[in-house]
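The values are calculated or read from the model by the stated rules, or taken from the named source; none is laboratory data. This is a predicted model, so every value here is computed, not measured. Positions of Cβ are generated from backbone atoms using ideal geometry, with glycine treated the same way; all protein chains shown enter the neighbour counts.
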Amino acid sequence: MDIQFGFVSTYPPTRCGIATFNQSLVKAISNLNSHSASVYRLVESSDDDDFRGSTPEVVANIVAGDAASMRAALRKLNTKDIAVIEHEFGIFGGEDGQEVIDILDNLRVPSLTILHTVLSNPTWHQREVMTEICRKSTAIVTMSESARHLLLTQYFVDPVKIYTIPHGSPSFPIVRSRNSGNPPMILTWGLIGPGKGIEWGIEAMAYLRDLIPMPRYIVAGRTHPKVFEREGEAYREYLQTRIRELGLENCVELRSEYLSEKSLAALAPSASVVLLPYDSTQQVTSGVLVEAVAARRPVIATDFPHATELLAEGIGILVPHHNPEAIAAAIRKILSNPDLAQDMSQRAAHMAPRLLWPAVATRYLQLAKSLIRTSAVA
């Protein structure tokens, strides 16, 4: 049964986590028995990069606030077997991204909506938008049990509609000899901005000066485009100031680069520890967390919901928010105990196969087939 998918999402050259997620999922599904996957790319204005040329899978742009572009995209989307809607409040037009409701209202094919964020303390209007999304979608996918629990207990979504499929990850090479002759590497990656908690990781390094050799902390990632639009590089400049104030110039490095899959594959497996010092207490999905586990690295993370769930099997250490002393103690514990680090890596390796994109795409394909069959019967 060949299925034609239509994906509504941001997409490269847009640089954001959802665009990267969607590109990976489209590629993985297309690799399964040549299933067709077309993309209807969400853009903020008609001045954004044209969808033609380097991304042939993108067949239309949906411009925020432009009803004509939405209608044109829907005409094509309704010729597919199923529509996959990637949802995040900030990527659709209208207040709290309410234009997603217009898309769902005008679909004539089954819809599978992937929720990248489920807020535990939404505004009244955010709750209304999320409730309507869940009501109008044929099926809902969350990427963690924490998100599913929120939908059931705070949004009162029909449990029959909700499916949990993990965030996907590329595969990573196995590094047998890690950082041979070099200081241990603590690594954080992803798009950078306030709320990522990088300052707590930097301050933690000041508590580790007695370690020989002293570890290096690498932060790899460009400033998030939306953050850059609002405030330029103010957050990165603040982090650089803290590095200088603490005298950590020789052991903390901020790399302003957008990591491609190839670059990440070269960097992540060499880390002694992956650090996620995020400020958020509501984060129910973290692609970086999933990638760290797939790379079979010990993880230190603040106790946000997705980390609490995924690290429960002993893959890492949870620490309180805004607590550099606790981060430093966790780093010290892992670096000073090779057996503990090895055990964490082995536990991650046991989980990793189910997180890789081919396995994740297979589950989406199975769900799509089921929804299409049910829709045909109805």
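Evaluating residue 172 against the criteria (1) under 28 Å from residue 328 (Cβ atoms); (2) touching a strand residue (DSSP E or B) at 6+ places or on another chain (Cβ under 8 Å) leaves one unmet condition, (2).
Yes/no matrix, rows are residues, columns are (1) touching a helix residue (DSSP H, G or I) at 6+ places or on another chain (Cβ under 7 Å); (2) loosely packed, with under 15 Cβ neighbours inside 10 Å:
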site: 95; (1), (2): yes, yes
site: 118; (1), (2): yes, no
site: 137; (1), (2): yes, no
site: 141; (1), (2): no, no
site: 147; (1), (2): no, no
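Listed here are the residues, each with its yes/no results for (1) over 12 Å from residue 188 (Cα atoms); (2) touching a Leu at 6+ places or on another chain (Cβ under 7 Å).
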{"position": "217", "(1), (2)": "no, no"}
{"position": "221", "(1), (2)": "no, yes"}
{"position": "224", "(1), (2)": "yes, yes"}
{"position": "244", "(1), (2)": "yes, no"}
{"position": "250", "(1), (2)": "yes, no"}
{"position": "261", "(1), (2)": "yes, no"}
{"position": "276", "(1), (2)": "no, yes"}
{"position": "279", "(1), (2)": "yes, no"}
{"position": "282", "(1), (2)": "yes, yes"}
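Pick out, from the range 1-114, the helices (runs of 4 or more DSSP H) lying fully within it that include 2 or more residues that are in the same structural domain as residue 369 (by TED's automatic domain parsing) and within 19 Å of the chain's Cα centre (by Cα). Hits in the range 1-114: 17-30. Restrict the check to the range 160-175 and report whether at least one residue is on the phi > 0 side of the Ramachandran plot and surrounded by fewer than 18 Cβ atoms within 10 Å (Cβ to Cβ). No: zero hits.
Within the set 313, 325, the sole residue that is modelled with pLDDT under 95 and charged (D, E, K, R) turns out to be 313. Here residue 2 meets each of (1) modelled with pLDDT under 90; (2) within 14 Å of residue 77 (Cβ to Cβ) with one exception, condition (2).
Taking first residues from the range 272-288 that are more than 20 Å from residue 87 (Cα to Cα) and in the same structural domain as residue 213 (by TED's automatic domain parsing) and partners that are assigned to a loop (DSSP other than H, G, I, E, B) and of a type in the set (Gly, Ala, Ser), the Cβ contacts under 6 Å between residues at least 6 apart in sequence or on separate chains come to 277/197; 278/197; 279/195; 279/197. Report, ordered by the first and then the second residue, all pairs with beta carbons closer than 8 Å, sequence separation of six or more or different chains, a first member in the range 144-166 that is of a type in the set (Gly, Ala, Ser), and a second member that is in a strand (DSSP E or B). The qualifying pairs are 144/164; 147/115; 147/164. Of note, residue 131 satisfies the criterion of being assigned to a helix (DSSP H, G or I) and polar (S, T, N, Q).
Kindly evaluate residue 84 against the criterion of being farther than 30 Å from residue 373 by Cβ, crowded, with 19+ Cβ neighbours inside 10 Å and in contact with a strand residue (DSSP E or B) (Cβ under 6 Å, 6 or more places away or on another chain). So residue 84 does not fit the description; no.
Any residue at all in the range 43-66 that's aromatic (Phe, Trp, Tyr) and closer than 27 Å to residue 284 by Cα? For the range 43-66, residues aromatic (Phe, Trp, Tyr) and closer than 27 Å to residue 284 by Cα: absent. When 227, 175 are checked against the criterion of being within 19 Å of the chain's Cα centre (by Cα) and of a type outside the set (S, T, N, Q), 227 stands alone in meeting it. Taken over the range 269-285, the criterion of being within 16 Å of the chain's Cα centre (by Cα) and closer than 24 Å to residue 342 by Cβ is satisfied by 274, 275, 276, 277.
Taking the stated definitions as given, is residue 201 in the same structural domain as residue 306 (by TED's automatic domain parsing) and either touching an Asp or Glu at 6+ places or on another chain (Cβ under 9 Å) or at positive phi (or both)? Criteria not met by residue 201. For the structure I just gave you, tell me whether residue 325 is exposed (fewer than 15 other Cβ atoms within 10 Å of the Cβ) and touching a residue at least 40 places away in the same chain (Cβ under 8 Å). For residue 325, the condition - exposed (fewer than 15 other Cβ atoms within 10 Å of the Cβ) and touching a residue at least 40 places away in the same chain (Cβ under 8 Å) - is met. I'd like to check something: does the range 155-162 contain any residue that is charged (D, E, K, R) and touching a strand residue (DSSP E or B) at 6+ places or on another chain (Cβ under 7 Å)? For the range 155-162, residues charged (D, E, K, R) and touching a strand residue (DSSP E or B) at 6+ places or on another chain (Cβ under 7 Å): present.
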